[in-house]
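> This structure is in structure tokens; I'll ask about it shortly.
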């Protein structure tokens, strides 16, 4: 009798433990925009639910928070932001929501590039203080370029920072987060080698790219490209007529190898530059946001490979 009772007790205890474990709510993680959203999903796995405030194809530079965003932060267990003054609206959201969740900048440990507003940004060269524009680039993003994810080695730092942040709020899942981060970092390393090989194949004198806004400085610095943009590091910054004329002049002098639209920007300006410079638009690049699920840049891995393929195809067919 005692043995039967003991077996029933043990079976019941195991059952209760199983139910308790199975019904444990996943961690609520809120991210500022879609690229960090993807990183958080890769690292968090099935222990997290992730919500991005700025949706796929959305422009974080121009995003206006909604009442639902305040609720999302209030319910969050962890908030992940880019930092480097890219997503400053998240600080306002955190304050208005009175969230108790830690707000973690995932660019910690990355060596930021100076805003290269003097030459419209090319591959991360430092800005010169004696070149004065009325663009408000410095006002928009401060001293540094915030688009650090455009370098795959930097993406590996994002992933480590996210794993560390998840471990702090969910120590029970830390081994899982570290394992996921390690597996994903291996994929990032393979991506880095693929992108590096693609750009290394380009002729040395055909590595100057023109995009709408200056979002690809880290790509240039990591892979030996020169980036020109009529707008600054914020897509909300309007280009002046002098900026546009300078870019067109460089294209006519054969200093611009290819012209590209961006998924977050109005294509009209790039089309104008291409027409006046008498060059074809090389395609659309994904800069500050992933695409939707049915487009070619729905994850970070796909986005970076797609951008590399689009750039190399446009230059090599010239």
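> Could you tell me whether residue 146 is assigned by TED's automatic domain parsing to the domain that holds residue 77 and outside any helix (DSSP H, G or I)?
For residue 146, the condition - assigned by TED's automatic domain parsing to the domain that holds residue 77 and outside any helix (DSSP H, G or I) - is met.
> Mind counting the residues in the range 163-183 that are in contact (Cβ under 8 Å) with a residue 12 or more places away in the chain, part of a helix (DSSP H, G or I) and farther than 16 Å from residue 106 by Cα?
3
> For residue 190, only one of the following conditions fails: (1) assigned to a helix (DSSP H, G or I); (2) at pLDDT 85 or above; (3) touching a strand residue (DSSP E or B) at 6+ places or on another chain (Cβ under 9 Å). What is its number?
That leaves (3) as the condition not met.
> Does residue 56 meet the test of being assigned to a loop (DSSP other than H, G, I, E, B) and either touching a strand residue (DSSP E or B) at 6+ places or on another chain (Cβ under 8 Å) or crowded, with 20+ Cβ neighbours inside 10 Å (or both)?
Yes; evaluated as a whole, the condition is true for this residue.
> Here is a follow-up. Could you tell me which of the residues 242, 268, 229 is at pLDDT 75 or above and over 30 Å from residue 37 (Cα atoms)?
242
> Here's a follow-up. Going residue by residue through the range 25-42, is there one that turns out to be in the same structural domain as residue 144 (by TED's automatic domain parsing), modelled with pLDDT under 95 and more than 25 Å from residue 289 (Cα to Cα)?
Yes, the range 25-42 contains a residue that is in the same structural domain as residue 144 (by TED's automatic domain parsing), modelled with pLDDT under 95 and more than 25 Å from residue 289 (Cα to Cα).
> How many residues does the range 67-100 contain that are under 30 Å from residue 113 (Cβ atoms) and not in a loop (DSSP other than H, G, I, E, B)?
13
> For the range 296-318, which positions are without any contact (Cβ under 8 Å) to a residue 40 or more places away in the chain and out of contact with any helix residue (DSSP H, G or I) (no Cβ under 6 Å at 6 or more places or on another chain)?
302, 306, 313, 317
The values are calculated or read from the model by the stated rules, or taken from the named source; none is laboratory data. None of these values were measured; they are calculated from a predicted model. Methodologically, a virtual Cβ is constructed for each residue, glycine included, from the backbone with ideal geometry; neighbour enumeration extends over all protein chains shown.
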